[in-house]
Ligand SMILES: C[S@@+](CC[C@H](N)C(=O)[O-])C[C@H]1O[C@@H](n2cnc3c(N)ncnc32)[C@H](O)[C@@H]1O
Ligand SMILES: [Zn+2]
């Protein structure tokens, strides 16, 4: 039996839920990054390939997330995050996630997106209007999320991360 299942979410549409209790730091899923979206192999909406399921990775690489991970919703108080080890991306529990609880990411982690959207996560920490760019987050939240950033994102944004660290040391 897998550690998660897909079901209707109170946040949006379908979501991903814990089938078992997950401990902080526990790997939950390995992401299937095999479907790369390229100019030669673009999205095929007729096959259910939609932009909302895309993940924007290192060097401008775009992958179409597969089920179940494509159904993980955003929360401003996330309980999971993604980290790459040995070339594989893992979903990792950030906190204790109890059976039947919804798994969530903060979509701004590892993102340099330029969209503004309205959040329905319902968390007491909800930012309501979310700008999908890590560097637009409040300063203290950027610091809180620093350990969660994926290695490729840190590498690609070294200068801004250096500036953030210097500001924190002042
Ligand atoms: C990767 S999909 C997540 C799965 C989605 N619930 C579904 O059923 O297709 C990302 C999309 O879900 C919606 N979404 C995720 N988290 C949300 C949130 N906290 N508030 C509002 N919409 C959200 C947005 O439309 C976003 O583009
Ligand atoms: Zn929110």
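Among the conditions (1) surrounded by fewer than 12 Cβ atoms within 10 Å (Cβ to Cβ); (2) within 16 Å of ligand 1 (Cβ to nearest atom), the only one that residue 41 does not satisfy is (2).
Against the criterion of being within 16 Å of ligand 1 (Cβ to nearest atom), modelled with pLDDT of 95 or more, within 19 Å of residue 25 (Cα to Cα) and more than 11 Å from the chain's Cα centre (by Cα), residue 144 does not qualify.
Per the conditions (1) surrounded by fewer than 17 Cβ atoms within 10 Å (Cβ to Cβ); (2) more than 25 Å from residue 33 (Cβ to Cβ), the sole criterion not satisfied by residue 119 is (1).
Applying the set (1) touching a residue at least 60 places away in the same chain (Cβ under 8 Å); (2) touching a strand residue (DSSP E or B) at 6+ places or on another chain (Cβ under 6 Å); (3) assigned to a strand (DSSP E or B) to residue 84 leaves exactly one unmet item: (2).
Against the list (1) in a loop (DSSP other than H, G, I, E, B); (2) closer than 24 Å to residue 10 by Cβ; (3) touching a residue at least 40 places away in the same chain (Cβ under 8 Å), the condition residue 110 fails is (2). Among the residues of segment 95-104, is there at least one that is without any contact (Cβ under 8 Å) to a residue 60 or more places away in the chain and within 12 Å of ligand 2 (Cβ to nearest atom)? Within segment 95-104 (the criterion being without any contact (Cβ under 8 Å) to a residue 60 or more places away in the chain and within 12 Å of ligand 2 (Cβ to nearest atom)), the answer is no, since none of the residues qualifies. Against the conditions (1) more than 16 Å from ligand 2 (Cβ to nearest atom); (2) within 15 Å of the chain's Cα centre (by Cα); (3) in contact (Cβ under 8 Å) with a residue 60 or more places away in the chain, residue 69 satisfies every one except (3).
The values are calculated or read from the model by the stated rules, or taken from the named source; none is laboratory data. Predicted model only: the values in this text are computed from it and were never measured. Positions of Cβ are backbone-derived with ideal geometry, glycine not excepted, and every protein chain shown enters the neighbour counts.
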